[in-house]
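The values are calculated or read from the model by the stated rules, or taken from the named source; none is laboratory data. Predicted model only: the values in this text are computed from it and were never measured. Note that each Cβ is placed from the backbone with ideal geometry, even for glycine, and that neighbours are counted across all protein chains shown.
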Amino acid sequence: MSVVAVEIFGIKLIGINAANGRKLLFTILFLAVLWTVTHLVRWTIRKAVPHDTSAAFWSRQFVSIAALIVTLIGVVSIWFDNPARATAALGLFSAGLAFALQRVVTSAAGYLLILRGAMFNVGDRIKMGGVRGDVIRIGFIQTTIMEMGQPPAEQSESPGMWVEARQYSGRIVSVSNAMIFDEAVYNYSRDFPFIWEEMHIPVSYKDDRRRAEQILLAAAEHCALGDSDLPEDAMRELQRRYFMKAASVKPKVYWRITDNWVELSVRFVTRTEGIRDVKDQMSRFILEEFDKSRIGIASGTYAIVEVPPLEVRQVNSPLPASASK
């Protein structure tokens, strides 16, 4: 059957005819219906499931993926009624897409890998592409992170940071999913939602160091996790899933001798979030108990043992009026 091409002012438009026009109209109608149905489903999910839960996130992801698959199948079915032509067109399209949009394709592949749960999930605290923070959204191309600050020891790292603790900075950062193939991804909370922390306290040689150690242990036990045994349960689960040795989750104080003082380092386990509050409570507890026990925090001091003689001369000074008489 011959196909009549569309002409405008005597100019024959290649590839545009009545059949293609019907396909185009049907494609627009199909996409409009699909868009309406997708938004109705998303609206229903927002009403039925709390938005800040994992179930809400995965429901939205399922709807997005399902809509994408239905769109691809529907558009291909409308425009390619011949399977051979559809296969050839799909192959050419895939080759061109892979060449022209390499990073986009890599980001989409990263998205599929993230969906498997092998890297992180929404709500996890991670470091990805040089950005630390909590994952608040995972998209097809980018992952959105609510950025957090850096401890003083890490302030020299890029990008510049003014918040000197692991608390939100207020910046929302979008990182390409392709970064999971280029750099390491650090997950602070996925399999072991705790973190080891340390505080270093210098104590003078003349003070009661044993008592200082007891105070540091008490601060860690009361302020970090209290009497909870959750870290031990999490550690056992970690050993069950991975090949790793057991690590102590009990607070411990380590001593280090320096030229000026004894440095006591208390190592403890606490939850990934709220570390600044824990250290604040521990610092207040330690200072209060140190004052009660008359233990001071050592600091660098300098003693001048000898001062060379100073000679002050005044050159070409006129004599006072009283001395000239």
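Structure values in brief
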quantity	calculated
Number of the condition not met by residue 65 [criteria: (1) within 34 Å of the chain's Cα centre (by Cα); (2) modelled with pLDDT of 80 or more]	(2)
Segment 254-274, subset polar (S, T, N, Q) and surrounded by fewer than 19 Cβ atoms within 10 Å (Cβ to Cβ), residue modelled with the highest pLDDT	265
Residue among 134, 182 that alone is modelled with pLDDT of 90 or more and of a type in the set (D, E, K, R)	134
Residue list for segment 253-267, filter: touching a Ser or Thr at 6+ places or on another chain (Cβ under 9 Å) and without any contact (Cβ under 8 Å) to a residue 40 or more places away in the chain	254, 256
Verdict on residue 275 being of a type in the set (Val, Ile, Thr) and within 29 Å of residue 163 (Cα to Cα)	yes
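Residue by residue, here is whether (1) surrounded by fewer than 12 Cβ atoms within 10 Å (Cβ to Cβ); (2) part of a loop (DSSP other than H, G, I, E, B) holds:
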| site | (1), (2) |
| --- | --- |
| 210 | yes, no |
| 215 | no, no |
| 243 | yes, yes |
| 277 | no, no |
